[in-house]
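Participant: Have a look at this one before I ask anything.
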Amino acid sequence: MEKLREAILRHARNQPEGVPVSAKGLLHLGGRAAVDQALSRLARRGDLLRAGRGLYVLPVKGRFGNRAPSLRKTVEALAAQRGERIASSGAMAANALGLTTQVPVKPVFLTSGRDRKLKLGRQEVELRHAPPWQLVLSGRKAGDAVRALAWLGPERAETALKTIRGSLSLEERGELAHVSAQMPGWLAEPVSRLAHG
């Protein structure tokens, strides 16, 4: 059992920061029951952090002790492993673009996958299933503009356009022109004007 735990830790240490490990990804090291038990023991000892059901991450060793890995890196690595698209929520995007000073208490990411929660150390992260149009241009400033406008809603979207227009480059506005047809009607109009204005 000790050899299996060491093999799991070695595997986790060879991954970039935040890349989660799961029993399914470790079956080359041993049987499912043994791997599950080893992961559970490693989490109890503090060698791994349990991020969710059957999902573990390696803590990052720092000057002041261990800490949870970067939230964004973990979420992006999980999405890549599962073949999902992921993007910041509208509230997070609006804050990043300076449209609101409200900082979400709990980070929320939109995903093409199922709804779920992750716990990284003391921080809880929510992944919410979203329609494809809300995930366009994920990881891009132009995509954040779409999500921020959607979060603000039709009443406040108009006033936000001026602020957003000033923060987007011509290239980013061109990206919006390519995706505006995917938006619901109320959002397609302001996005199209933003792209061509």
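Participant: Which value, in debye to the nearest 20, gives the size of the charge dipole of the range 91-152 about its Cα centre, when Lys and Arg are +1 and Asp and Glu are -1 at the Cβ? Can you show the working numbers first?
Facilitator: Details: 10 positive and 4 negative charges, 39 e Å.
Taking the Cα centre of the range 91-152 as origin, the dipole is about 180 debye.
Participant: Loop-only GluC sites (Glu not before Pro) in the range 4-91, please: DSSP not H, G, I, E or B, and at most 14 other Cβ atoms within 10 Å.
Facilitator: On the way: sites: Glu6, Glu17, Glu76, Glu84; in loops: Glu17, Glu84.
Taking the range 4-91 and a limit of 14 other Cβ atoms within 10 Å, the loop GluC sites (Glu not before Pro) found are Glu17.
Participant: Let me ask you something else. Binned at 10 Å from 0, what are the whole-percent values of the Cα-Cα distance distribution for the range 108-155, short to long?
Facilitator: Percent of Cα pairs in each bin: 25, 45, 27, 3.
Participant: Below 15 angstrom from the Cβ of Ser88, what's the summed charge of the other residues (Lys, Arg +1; Asp, Glu -1)?
Facilitator: Combined, the nearby Lys, Arg, Asp and Glu give +4.
Participant: Under 8 Å for C-alpha pairs, at least 6 residues apart: give me the relative contact order for the range 71-196, rounded to a whole percent.
Facilitator: 21
Participant: Bin width 10 Å, alpha-carbon pairs only: give the P(r) of the chain as whole percents, running from 0 to the bin holding the largest distance.
Facilitator: 9, 31, 26, 17, 12, 4, 0
Participant: What are the aspartates and glutamates whose alpha-carbon lies under 20 Å from the alpha-carbon of Lys73, with same-chain residues fewer than 8 places away excluded?
Facilitator: Glu17, Asp47, Glu84, Asp115, Glu124, Glu126, Asp144
Participant: Amide H to amide H, which residues 5 or more places from Leu48 or on other chains are under 5 Å from it, using H placed in the peptide plane?
Facilitator: Distant-sequence amide H within range of Leu48: Ala43.
Participant: Here is a follow-up. Between the range 27-81 and the range 143-182, how many Å separate their Cα centres?
Facilitator: 37
Participant: Further question on the same structure: Looking at the chain, which longest stretch skips every one of the trypsin sites (Lys or Arg not before Pro) that is in a DSSP loop with at most 11 other Cβ atoms within 10 Å, leaving the sites themselves out?
Facilitator: 123-197
Participant: So what's the range 73-184 giving for Rg/Rh, alpha carbon basis, Kirkwood Rh from the mean inverse pair distance?
Facilitator: Here the Rg-to-Rh quotient is 0.97.
Participant: Over the range 2-67, what number does the Rg to Rh ratio reach, with both radii from the alpha-carbon atoms and Rh per Kirkwood?
Facilitator: When Rh is taken as the Kirkwood radius, the ratio is 0.94.
Participant: Can I ask one more? Mean Kyte-Doolittle of at least 0.0 and a Cα length of 15 Å or more along the axis: which whole DSSP H helices of the chain meet both?
Facilitator: Passing helices, by number: 185-196.
No lab work stands behind these numbers, since they all come straight from the coordinates. Worth saying up front: this structure is predicted, and the values here are computed from it rather than measured. Don't worry about glycine lacking a Cβ; one is built from the backbone with ideal geometry, like all the others, and counts go over all protein chains shown.
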